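Report on the structure given below.
The values are calculated or read from the model by the stated rules, or taken from the named source; none is laboratory data. Note that the structure is a prediction, hence the values are computed from the model and not measured. FYI the Cβ positions are ideal-geometry reconstructions off the backbone, even for glycines, and counts take in every protein chain you see.
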Amino acid sequence: MLEDASRRGALDEETLGELHDAAYIDPLTGAYNRLFLEEYGQDLFARSRSLLSFKLDELKEINDGYGHAVGDHYLAETTDIISRIIGPDAVLIRRNPTKFAVFTDVNARSAQLLAEALRLAVAHRLAHKASPVYNMTTHEPVRSSIQIGLAKIRGSSPQERESALLDAETSRKNAKEAGGNIVADSSGNLLLRTHVNVLLRKLSAAGLPGIAQRFQQEIRGSAGGVRASDPSGRTGEFAMKRRLSLEKRYKPPTRKARALDVLLRDIQDRPLRASFSDFFFRNPLSGLHNALWLERNAAAMRAAGRAARYAALDLDKFGEIDRSLGEERADRVLACFGRILGGFARERSVEALHLSGEEFALLIGQEEQDVQGLLEALRRRVEEQLGPKALSEEGIAGLDGKALHVTVSIGEALIKDSQSPLPGIRSAAERAEVSLTQAKTQGRNRVVLEK
């Protein structure tokens, strides 16, 4: 769409640059997103020798125990630390809501030292009592760390790219199974944790003075720059400071980007505006509206009586499905689930949302009086239409070709009139997650309403 608009002269260069950044930069962390990896992956792999894959330890526990707002804060703080240490010569990508990758043009030994610097810096900043992330209710620090897996990049063909990503994920899982807060090398072997002074000497001896200096600044808490979670809205500016040194088709904007809805409204070409609107406000996997759409439309939905209750949806044991099927086939399960939700929403007074990854939700209108019956009907439909027969017709089977039976757990909460629209919906979402946890602990494939 960007290339076509540029060729036809439908948009000015500044607007093209703003749309480019909105498309490829994750707004929460300032990292590049999955789309960037898909479209620029060949160049990225060709310019890199090592791949680091990492996830936050205990992120699910943080989300469940303290709420997704605290989890998001943790993600932003962690990627901020990572970005400062890797510097401008490496690339950070948010592959999905919880998985991140770092591409760097250093050899395997240097990659091990870099990974240990990242692990140690995050542990130093986020895993002790001085953690900048805190429970908003008790004001107690929330602590976490990261698990890292390494892989060698041997080429940029599709098969070599897939192999490197798989190798890095396999090593990361070894680090996770060891308890987290540790690095696993490209063979999956766990590396010994290193003290700060020892690591600094090793980084300097390996010819990595830039990483050593940035690591030392991070440990001392003197790192500068704009935080990825900066509330002033300068996420885009921060991301541009560490932009990949690929040849760019468009120059980055020199000022803060306009709000996305304002940017889209200024596009005069109506078909082009509609295409960009779908791109930014719908999840490409399911076609359902996303979290950005919810932010922009919360007030209108509340005013129209179309958001009286909130239901959080979770495909049961989806982590096991993802691990056994692989990302591609697991995504197909999510796409099937999205189609079911979309069809269900069109029949009832509900809005189906695909917020991110495997996170789905329903906004339930005030016309729906029997909420229990509504959600039970959805649960039964999912059980029927994501059962073994339906999935086999989609060409999706479980491990070793075994039948796959997918179900959904649902938690619900009231959106209170006493709160403004978006905070009210977010508050209901947190309470719906509590109900959802109850549904899962009671055996899954259940509906639990807020008491």
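This table checks each residue for (1) among the hydroxyl-bearing types (S, T, Y); (2) within 16 Å of the chain's Cα centre (by Cα); (3) more than 30 Å from S157 (Cβ to Cβ).
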{"residue": "Q42", "(1), (2), (3)": "no, no, no"}
{"residue": "R47", "(1), (2), (3)": "no, no, no"}
{"residue": "A69", "(1), (2), (3)": "no, yes, yes"}
{"residue": "H73", "(1), (2), (3)": "no, yes, yes"}
{"residue": "I86", "(1), (2), (3)": "no, no, no"}
{"residue": "I93", "(1), (2), (3)": "no, yes, no"}
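Among the residues of region 415-451, those identified as among the basic types (K, R) and either surrounded by fewer than 14 Cβ atoms within 10 Å (Cβ to Cβ) or under 15 Å from A361 (Cβ atoms) (or both) are K416, R426, R431, K451. The criterion of at least 3 residues that are outside the structural domain of P209 (by TED's automatic domain parsing), in contact with a Pro (Cβ under 8 Å, 6 or more places away or on another chain) and more than 18 Å from R172 (Cα to Cα) is met by the following helices (runs of 4 or more DSSP H) wholly inside region 1-105: 13-24. Checking each residue in region 62-92 for being surrounded by fewer than 18 Cβ atoms within 10 Å (Cβ to Cβ) and closer than 26 Å to D167 by Cα picks out G87, P88, D89. Just name the residue that is surrounded by the most Cβ atoms within 10 Å (Cβ to Cβ) out of those in region 308-349 that are over 26 Å from A413 (Cβ atoms) and among the acidic types (D, E). Ranking the candidates gives D322 first.
In region 177-213, what count of residues is obtained for those that are of a type in the set (K, R) and surrounded by 15 or more Cβ atoms within 10 Å (Cβ to Cβ)? Matching residues across region 177-213 total 1. Condition first: within 20 Å of R265 (Cα to Cα) and of a type in the set (S, T, N, Q). Now tell me which residues in region 1-44 satisfy that. Across region 1-44, the qualifying residues are S6, T15. Every residue in region 285-344 that is assigned to a loop (DSSP other than H, G, I, E, B), of a type outside the set (S, T, Y), within 30 Å of D167 (Cβ to Cβ) and out of contact with any Asp or Glu (no Cβ under 8 Å at 6 or more places or on another chain), please. D316, K317, G326 - these are the residues of region 285-344 that are assigned to a loop (DSSP other than H, G, I, E, B), of a type outside the set (S, T, Y), within 30 Å of D167 (Cβ to Cβ) and out of contact with any Asp or Glu (no Cβ under 8 Å at 6 or more places or on another chain). Consider region 421-451 and keep the residues that are in contact (Cβ under 8 Å) with a residue 40 or more places away in the chain and outside any helix (DSSP H, G or I). The one that is nearest to E368 (Cα to Cα) is L449. Answer yes if at least one residue in region 129-151 is modelled with pLDDT of 95 or more and among the charged types (D, E, K, R), and no otherwise. Within region 129-151, not a single residue is modelled with pLDDT of 95 or more and among the charged types (D, E, K, R).
Conditions (1) assigned by TED's automatic domain parsing to the domain that holds L313; (2) at pLDDT below 90; (3) closer than 18 Å to R339 by Cα, marked per residue:
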position	(1), (2), (3)
L378	yes, no, yes
P388	yes, yes, yes
H405	yes, yes, yes
A428	yes, no, no
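Against the condition touching a Pro at 6+ places or on another chain (Cβ under 9 Å) and either modelled with pLDDT of 50 or more or within 28 Å of A90 (Cβ to Cβ) (or both), how does R243 come out, does it pass?
yes
For residues that are in a loop (DSSP other than H, G, I, E, B) and either buried (at least 19 other Cβ atoms within 10 Å of the Cβ) or aliphatic (A, V, I, L, M) (or both), scanning just region 256-284, find the one that is modelled with the lowest pLDDT. The extreme case among them is A257. For E160, the conditions (1) of a type outside the set (G, A, S); (2) touching a Lys or Arg at 6+ places or on another chain (Cβ under 8 Å); (3) within 20 Å of L75 (Cα to Cα) all hold with the exception of (3).
Just to check your reading of the model, which residue among R309, R323 is among the basic types (K, R) and more than 18 Å from the chain's Cα centre (by Cα)? Among R309, R323, only R309 is among the basic types (K, R) and more than 18 Å from the chain's Cα centre (by Cα).
Residues in region 331-380 that are under 25 Å from K416 (Cβ atoms), in contact (Cβ under 8 Å) with a residue 60 or more places away in the chain and β-branched (V, I, T): how many? Residues flagged as under 25 Å from K416 (Cβ atoms), in contact (Cβ under 8 Å) with a residue 60 or more places away in the chain and β-branched (V, I, T) within region 331-380 amount to 1.
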